[in-house]
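Data block below; observations after.
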Amino acid sequence: MTTVPDKLPTITRRAALQTFAVSGIVSLLPSGSTAENVATPSQVSTVAGAKLHPWTPGALDIHHISTGRGNVAFAVCPDGTTILIDAGALQTAPDWNSDEKYRISPLPNASRRPGEWIARYISRHMPAGRQPEIDYFVLTHLHPDHMGGIDLLSPKKVTSRLGPYELTGVMDVHEQVPIKTILDRAYPDYNYPVELNDPHQLNFRKFISSFVHNGGTVERFVPGSSRQIKLRHSSPEAYPTFTVQNLAANGKVWTGREDDAIETFPPLKTLAVSDYPTENKCSVALRLTFGGFRYFSAGDMDHDTSFARLPWGDIEAAVARAAGPVDVAIANHHGYVNACGPKWVRSLHPRAFIVSAWDSAHPTIPSLDNMLSQDLYAGPRDIYSTALKRENIIATKRLKEIQSGNGHVVVRVPPGGHTFEVAITTNLEESDTTIGMFGPYITVSLSK
Ligand SMILES: [Zn+2]
């Protein structure tokens, strides 16, 4: 079992030249803005080499935690409400003949499970004075790199003290940092389009049963709703521009009108079982808005149409159209070859892409070409990856053009939501030292 993380070049020369300028924040703010407490730079900014400045009330921080083993994004909202989107944990396979050779080594190392590292990270970044707690856990879809997988080969299993399930991913997180509400695409039936019963899914379902039994709240994610995820620690008037718009789940996509959503997948009875929507296509998608800032996250949605035989397969295009322009987009399906297509890139045209990577094909050449294409939209854009496999850096020349290829990626939106910055912090240990700072960027409402 490898315990030494890949040591990769982190910050490009261009990035070094973009060292954060504190004065930028103030000059970019619209004059006379009083909404939601305009920030002073000292409240929100951190310089490279220093410890990441703590979250402050009124700001929005979204941490993309680099474990090398799956997706995880932890948001601290302006009133301190905490949202966790996915908490993946791929098991470490014991032999070199397995898929392990394609994967990024566990970060910071393999001495703890990924979910344990995530829980510790969250505990360090809670609002001051609050016990670690997750108000909402949103699971995009039921795959191990998003919820946690179990070890199918090893007899060593660690069972929860809270219920009869194996500890991994989000279950490890909940063991240390209590979750209050869980939203996923399939509760309570877990049977669309087929029974979700692989060993990893059955373990997660045991966790859900135990969670409900112990008084937790679980809801099925409602496509089109903008009221399912709300600020929990302030009145609705305190931050009126903060919303989480549910964009899609199970192929049902927001129309852009109130809570309305339409089915884009055909009825199952019209499809061969082999053509059923995949787990990835059924992913949950959401758009988070704060002031002028917009953030897009859609799990592992893709655009695979089986060579145009199944046009509805381009679910990511439909969802990106519903989202419209955003500031930050999480690369669908880790930037794999069947995701982040031209239509998706053109509709979202983000200022920053974030790749959550765990494999040598994260991201791939086609998806990176799309993200970098000036034909799809003009203007600058920056790309950050939570990690990169060394082989991918060699195979994919254009990775030279991305801003950062290793480290936690922290998106920080100062009060008011007029600008945002991106901080890269070390994933080699738990000091939260900043190794790169980018921005400030002007948010979408002011720039587009
Ligand atoms: Zn995935």
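Considering only Ala73, Ala93, Ala272, the Gaussian network model of the chain with Cα springs below 10 Å gives its largest mean-square fluctuation to Ala272. Separation of the range 380-443 from the range 268-331 is 24 Å, based on Cα centroids.
Given DSSP loops and a limit of at most 14 other Cβ atoms within 10 Å, what is the longest stretch of the chain that contains no such chymotrypsin sites (Phe, Trp or Tyr not before Pro)? By the stated rule (loop sites, at most 14 other Cβ atoms within 10 Å), 97-306.
Secondary structure note: in the chain, about 70% of the DSSP beta bridges are antiparallel.
Which of these, Ala238, Ala248, Ala357, has the largest mean-square fluctuation under a Gaussian network model of the chain (Cα springs below 10 Å)? Highest fluctuation among the options: Ala238.
Connecting C-alpha atoms closer than 10 Å in a GNM of the chain, tell me which of Val253, Val328, Val194 has the biggest fluctuation. Its mean-square fluctuation being the largest, the pick is Val194. In plain terms, the chain from Asn109 to Ile262 could stretch by 50.7 nm, reckoned as 0.36 nm per residue minus the Cα-Cα distance. Overall, the accessible surface of the range 324-412 at a probe of 1.4 angstrom is composed of carbon and sulfur to the extent of 58 percent. Built from the Cα atoms of the range 332-446, the convex hull projects on average onto 7.5 nm², one quarter of its surface area. By the rule of a C-alpha distance below 21 Å, with chain neighbours fewer than 8 residues away ignored, the lysines paired with Lys343 are Lys252, Lys281, Lys448. Computed with a 1.4 Å probe over protein heavy atoms only, the accessible surface of the range 288-423 comes to 29 Å² per residue. Which entries in the list Lys156/Lys389; Lys206/Lys389; Lys157/Lys230 go over 31 Å, if you measure between the two C-alpha atoms of each? Those over the limit are Lys206/Lys389; Lys157/Lys230. How much net charge surrounds Pro144 when only other residues with a Cβ under 10 Å from its Cβ are counted (Lys, Arg +1; Asp, Glu -1)? Summing Lys/Arg as +1 and Asp/Glu as -1 gives -1.
Ranked by solvent-accessible area (1.4 Å probe, protein heavy atoms only, all chains present), the residues Ser347, Ser385 order from largest to smallest as Ser347, Ser385. Met147 exposes around 0 Å² of accessible area when a 1.4 Å probe is run over every protein chain in place.
Out of the range 105-146, which trypsin sites (Lys or Arg not before Pro) are coil in DSSP terms and have no more than 11 other C-beta atoms within 10 Å? The qualifying sites are Arg130. For GluC sites (Glu not before Pro), the sites in the range 350-448 that DSSP calls loop and that have at most 14 other Cβ atoms within 10 Å are Glu429, Glu430. With the helix formula -39500 (n - 2.57) applied to DSSP H stretches of n ≥ 4, the chain reaches a computed 222 nm mean residue ellipticity of -5000 deg cm²/dmol. Kindly provide the trypsin sites (Lys or Arg not before Pro) of the range 283-373 that DSSP labels as loop, not H, G, I, E or B, and whose Cβ sees at most 10 other Cβ atoms within 10 Å. Passing both the DSSP loop test and the Cβ count: Arg309. Across the chain, the relative contact order, built from alpha-carbon pairs under 8 Å that are at least six residues apart, equals 20 percent.
Counting only aspartates and glutamates at least 8 places from Lys51 when in the same chain, those with an alpha carbon closer than 18 Å to its own are Asp61, Glu421, Glu429, Glu430, Asp432.
The values are calculated or read from the model by the stated rules, or taken from the named source; none is laboratory data. Just so it is clear, the structure is predicted and the values come from calculations on it, not from any experiment. Here the Cβ is made from the backbone with ideal geometry for all residues, glycine too, and neighbour counts use every protein chain on show. With ligands, DNA and RNA removed, areas are computed over all heavy atoms of the protein, side chains included. Shrake-Rupley method; radii C 1.70, N 1.55, O 1.52, S 1.80 Å.
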